[in-house]
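Student: Have a look at the structure that comes next, please.
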Amino acid sequence: MKCPNCHTREMVIIEMVVSGERVALHSCSSCDLRWWESRDGMLTLSGVLDLATVGR
Ligand SMILES: [Zn+2]
């Protein structure tokens, strides 16, 4: 796994479960790019928020 922006491998990955869906927040230490991934692929922040608000 490398940063798609600057290609460093120095990233912080925080995994969590949102509404039963496992998602991972990737945060690049080098260029500060952040993105979310689920098993379906890359998520936008609004996609994660949609997951988080379902069932509330
Ligand atoms: Zn980067």
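Taken together, the values in this text are just the output of simple stated rules run on the coordinates, not laboratory data. Keep in mind that what you see is a predicted model, and the values were worked out from it rather than measured. Cβ coordinates were reconstructed from backbone atoms using ideal geometry, including for glycine residues, and neighbour counts include every protein chain displayed.
Student: Please tell me the relative contact order of the chain in percent, rounded to the nearest whole number, where contacts are Cα pairs under 8 Å and at least six residues apart.
Tutor: Once normalised by length, the contact order is 26 percent.
Student: Still on this model: Taking amide H atoms as placed 1.01 Å from N in the peptide plane, list the residues 5 or more away in sequence, or in a different chain, whose amide H sits under 5 Å from that of VAL18.
Tutor: When sequence neighbours closer than 5 places are left aside, the close amide H contacts are VAL23.
Student: Which value in deg cm²/dmol, rounded to the nearest 500, describes the helix-derived mean residue ellipticity at 222 nm for the chain, given -39,500 (n - 2.57) per DSSP H run of n ≥ 4 and division by the residue count? Can you show the working numbers first?
Tutor: Working: 1 runs with 9 residues, N = 56.
Result for the chain: -4500 deg cm²/dmol, rounded to the nearest 500.
Student: If packing is taken as the average count of other Cβ atoms within 10 Å, what order do 20-30, 36-46 fall into, highest mean first?
Tutor: Result, highest mean Cβ count within 10 Å first: 20-30, 36-46.
Student: Next question. Can you work out the FRET efficiency for the pair ARG39 and ILE13, with r the C-beta to C-beta distance and R0 = 22 Å, to the nearest 0.05?
Tutor: The value I calculate is 0.95.
Student: With only alpha-carbon atoms in the gyration tensor, what are the semi-axes of the equivalent ellipsoid for the chain, in Å, largest first?
Tutor: 23, 10, 9
Student: What ³J(HN,Hα) values, in whole Hz, does the Karplus curve 6.51 cos²θ - 1.76 cosθ + 1.60 give for segment 36-50 when θ = phi - 60°, with x put for Gly and Pro?
Tutor: Ordered by residue, 3J(HN,Hα) equals 10, 9, 10, 5, 8, x, 6, 10, 7, 4, 5, x, 5, 5, 4 Hz.
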